[in-house]
Each structure stands twice: as C-alpha cells, then as structure tokens.
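The values are calculated or read from the model by the stated rules, or taken from the named source; none is laboratory data. Everything numeric here is computed off the predicted structure, so don't read it as measured data. FYI the Cβ positions are ideal-geometry reconstructions off the backbone, even for glycines, and counts take in every protein chain you see. These accessible areas exclude ligands, DNA and RNA; they are computed on the full protein's heavy atoms, side chains included. Shrake-Rupley method; radii C 1.70, N 1.55, O 1.52, S 1.80 Å.
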Amino acid sequence: MRIAFIHPDLGIGGAERLVVDAAVGLQDLGHKVVMYTSHHDPSHCFEETRDGTLKVQVGGNTIVPRTIAGRFYIICAILRNIHLALIMIMLNRKLDDKEKFDIIIVDQLSVSIPLLHWTGAKIFFYCHFPDKLLTKRESLLKKLYRLPVDFIEELTTGMADTIVVNSKFTANIFQQSFQRLRQVPEVLYPSIQFDKFDRIVDISLPEVQVLKPADDSTISFLSINRYERKKDINLAIHAFARLLKDSSSSVKDRRLRLIVAGGYDTRVTENVEHHQELVQLAERKYGLKSFTLSSGQTDKKVPVDTQVLFLQSISDVQKLFLLQTARALLYTPTNEHFGIVPVESMYMKCPVVAVNSGGPIESVLDGKTGYLCEPEEAVWAETLKTLLEKSDQEVKEMGQVGHVRVVGLFSLKAFVSKLNGILVQLQQGNGSSFESYGMFGSVHPVAIFSVIALAISIMVFYAK
C-alpha cells in the first residue's frame, strides 16, 4: 500500500517515537511510506527521520507561526495543519492513480481529516488523547475561545474511517469526551524497537563520560519527561528532597542523585520557563546543588556534589546509559495517556515508580516491575527509600520481571502486525470513505466550512 503520515512536529517525544516506529515497521513490510510534517529539525529528531530511512516532507510552516506572542498555540497548530494538508492534497493530485495514497495516517490533530478525504484515501486516526482535555480553562474568555476548537475536534475526529487509541484508559476517556460519536476506538499499544535497546554502550564516548558520576558509589534516580508542567516533574524533586532528610542508614550513608532528563526545545517557551522553575525549586526551596547540561554538551564536568542533574534533549546513547545505571525510573505524570518511557525502562531492567493512574496502570505491575503510587511526595519518598533498602539482587530481579513483561506485550513486531492488519482491513473495506461519522453523518460540508471559516476569521482578526 501507499501510506502517508501527517504529524505536526517531528521532534523527540513519545508521540513522535510511536509514528516513526509505525512508519519504519510498515515500510519494512513492503509498503511505500512518506511522512508529512510542519516542522523537522535534523538536530532535534529521531535518527530514522534524518538518516534517509524514512522519506520526510516538510510543509505548512511558511505562513502561520507556531505561536503568536507565545499564545494561541492551538489556533496556530490548526492553521499549520490545514496548510500542510492542502499542500499534500495538491501534491497527491499531480500523481498518477497508481501512485496516489491508499491510506493516510493522522495523529494528534484531526482538523485536516475532512480535507484529506478529497485525496480519495482512507483515513486512519490515532488518538493519543483528546486535545480538548489537554488545556486548562481558567477564565471565561478561555472557555469561549475553546468552544469552536472543541466542536471542530469532535466533528472532524468522527470523520476518520478508523479510530485507534493507545490504551484502554484513553479509549474510556475518548468515549466520555466525544459522546456524539458512535465509533468505538480500537486499542493499539505503542511499542519499542528492542534492537535499539540491546546495543552495547561505549562508555568511552564523550557524551557518556560526561554523565558518569565521579564517585562510583553514587546511586541515581532517573526522570525522563519533556520539560512541561503537566508532566509534574516537581513531584520527583519534592520526593527526592524529602528522601534526603531521612536519617535512616539506608539513606544517610548513600551518595544520591536525581537526574532529570527529557525533551527540551528552545523554541518552546514552556520548556525554557519550566526548566528554570525546576532549578529554582531544587536550589531555592530545598537548597539542593543542581547542574544543567545542554543538549550535546560534553565540555563541562558535572561537579561531584551535584544532587540534581538536569539534562536537556539527551541522545539515544545517553538514554541507554542512564537506564542501565539508574536505581529506578520516576515517572511522574498523572493520567498519562500511555507512557512509553516506563516500557523502555522495564525493557532495560530498570524498575519503575509511576503515578497509579492512566496508561502506567496497564504497563507496570505494582510490586513486581515497580510501584504504582498516589502522586504525593511523602508516598514517593517512602517508595524511593524502599528501593534503597532492597538488595541489589532484589532490584535486579524486579527489573528482570519487567523485561519479560515488555517482551511479551510491547514488541514492535506485535505492534506493526496489528497495525498492518487494521490497515489491510481498512483498505479492503467496502463503501465510501464518508459513511461513518457517528451522529454527524450528513454534515461533511459543515465541517469543512467550520474549519475554513475559523481559519479565515483568525487570520482576518490578526491582519487588523
């Protein structure tokens, strides 16, 4: 089949990892795959999107900025997505019938779905989480601002030929959020490429050497998340600071370090601001000694007395080294849609401490592959203490159980096989691409009009 992916920003987050794995997996099965995106920075992306493994086409980024004065992110994202879809439609129209796309896989933003139907392709929508639930509505103005956006999201989501979600948790949230839709989404768990985690880490590399503690007895707890407030990295710092105050021998006689690593993009205001907030939390509130290494930075030595180490946009090799050497992964988001990092951690035989909600409930076995805890600093501090009290052998056994679980449930082979089955069934399905819109069966023109009207009104508003 000829398959196109449309993804807003090919960075290095969990959603990006999923679509890249899906694209590579489908390509390996013999399908012809192209990825369309509004932003692709070769210095801030996954290797497969820059080394020629995948064909990537960038568009929809020349007219509308990512934000307007740091605000109106969703409106800009919608307009950029529409722009990208129109470019794709025009390119597709120039192709011979034998070269036109059979299936278009869309994720994150559904707004372009009614437009993409003009290509004649079947539309597959992967819902990581309803966008309407990812924003705070603290004022009446914000609520009014989101009304048309939420309406368009539900309307256009229902126009996909197939809808798939990343967990049972997300499936339940989807049905609660989009009650007008009759479609029941299918669950397709994300996966990881085992071979990427089976590589031997060359500890002589500068990017690895800079992470090695000067004191070999240092025990590290690791947090891997984007520098976003919703990830609640604060919880890890609160719990770690509370742990350090414990006077028991399992704590006071150890040199402990918290490593906060994750996606950091200087273009994203929240990333920059939240990093500074976390530094201030560690240093000013708790008096902890922190140190920050920027992406790719190897010319600075981490002070031996560093208690909280901040790492920005780590490389794959650095991630492997950190997961191999950490006592445990601290996964702090509440109601996370799925969470691929705990799966990666378990595969690397590193126990996981996660909040007992959302996707981690489906991936982490409490007490066996890690711990599921209430998002309270006292509970987390006590859990970290428990991990310190365990022998190295006990921690290793917990890690092994996690590894076996991931191999059985979250392999790339199983993910791609199920995805391919869904796509084959979709392609072979009878009938028009416009037949399954839940309660919106007859409003396809309304959807297009709503999208275009919203785009034009916003553009006219700012032009004035």
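What does a probe at Asp96 reach in the stretch 1-21, counting residues whose amide N is under 19 Å from the point 7 Å along Cα→Cβ?
Within reach of a label on Asp96: 1-3.
Rounded to a whole number of µm²/s, how large is the Stokes-Einstein D of the stretch 84-228 at 37 °C and 0.692 mPa s, given Rh as the Kirkwood radius over C-alpha pairs?
The Stokes-Einstein estimate is 172 µm²/s.
Take every DSSP beta bridge whose two residues both sit in the chain, then give the antiparallel share in percent to the nearest 5.
0
Which net charge results for the neighbourhood of Ser290, defined as the other residues with beta-carbon distances under 13 angstrom from its beta-carbon, given Lys and Arg at +1 and Asp and Glu at -1?
Neighbour charge sum, excluding Ser290 itself: +1.
What shape does the stretch 126-206 have by the C-alpha gyration tensor, where a ≥ b ≥ c are the square roots of the eigenvalues, rounded means a/c under 1.5, and otherwise prolate means a/b greater than b/c and oblate the rest?
oblate
I need the per residue convex hull volume for the chain, using only the alpha carbons, in cubic angstrom as a whole number.
With only Cα atoms used, the chain gives 151 Å³ per residue.
Work through the residues other than Cys76 whose Cβ is under 13 Å from its Cβ and net out their charges, Lys, Arg +1 and Asp, Glu -1.
Spelling it out: positives minus negatives among the neighbours equals +3.
To make sure I understand the rule: partners must be lysines, Cα under 27 Å from the Cα of Lys385, and not fewer than 8 residues away in the same chain. Which ones qualify?
Of all the lysines, those that pass the test against Lys385 - Cα under 27 Å, at least 8 places apart if same chain - are Lys212, Lys230, Lys231, Lys245, Lys252, Lys285, Lys289, Lys319, Lys349, Lys368, Lys396.
Nearest-5 percent of antiparallel DSSP beta bridges in the stretch 1-147?
Percentage antiparallel, nearest 5: 5.
Once every DSSP H run of n ≥ 4 in the chain is given -39500 (n - 2.57) and the sum is divided by its residues, what mean residue ellipticity at 222 nm do you get, rounded to the nearest 500 deg cm²/dmol?
Mean residue ellipticity, 222 nm, calculated: -13000 deg cm²/dmol.
Just the accessible area per residue of the chain, please: how many Å² with a 1.4 Å probe?
Here the per-residue accessible area is 45 Å².
Describe numerically, in nm with one decimal, the distance between label points set 7 Å from Cα along Cα→Cβ at Ser417 and at Asp392.
Using points 7 Å along Cα→Cβ, the separation is 3.8 nm.
Give me the accessible area of Lys390, 1.4 Å probe, in Å² rounded to the nearest 10.
Its heavy atoms expose roughly 50 Å² to the probe.
Take the solvent-accessible surface of the protein heavy atoms, probe 1.4 Å, and return the percent of it on the chain that carbon and sulfur atoms account for.
Answer for the chain: carbon and sulfur cover 52 percent of the accessible area.
Of Glu270, Glu344, Glu228, which has the most accessible area with a 1.4 Å probe, and how do the rest follow in descending order?
Output order, biggest surface exposure first: Glu270, Glu228, Glu344.
What distance in nm separates the simple spin-label points at Leu141 and Glu376, each placed 7 Å from Cα in the Cβ direction?
Modelled inter-label distance: 3.8 nm.
Net charge within 12 Å of Leu388 by Cβ-Cβ distance, Lys/Arg positive one each and Asp/Glu negative one each, not counting Leu388 itself?
0
Under a crude label model (7 Å from the Cα following the beta-carbon direction), how far is Ser204 from Lys301 in nanometres?
Simple spin-label model gives 2.0 nm for this pair.
How long is the gain from Ser294 to Gln425 if the chain were fully straight, where each residue apart is worth 0.36 nm and the alpha carbon distance is subtracted?
So the chain would gain 42.6 nm between Ser294 and Gln425.
For the stretch 248-315, list log₁₀ I(q)/I(0) at each q in 0.18, 0.22, 0.25, 0.26 Å⁻¹, using the Debye formula over Cα point scatterers of equal strength and ignoring solvent, two decimals each.
For the stretch 248-315, the Cα-only Debye profile gives -0.73, -1.00, -1.18, -1.23.
Please work out whether the stretch 181-263 counts as rounded, prolate or oblate from its C-alpha gyration tensor, where a ≥ b ≥ c are the square roots of the eigenvalues and a/c under 1.5 means rounded, while otherwise a/b larger than b/c means prolate and anything else oblate?
oblate
Quick one: Cα centre-to-centre distance for the stretch 230-290 and the stretch 391-418, in angstrom?
If you average the Cα positions of each part, the centres end up 28 Å apart.
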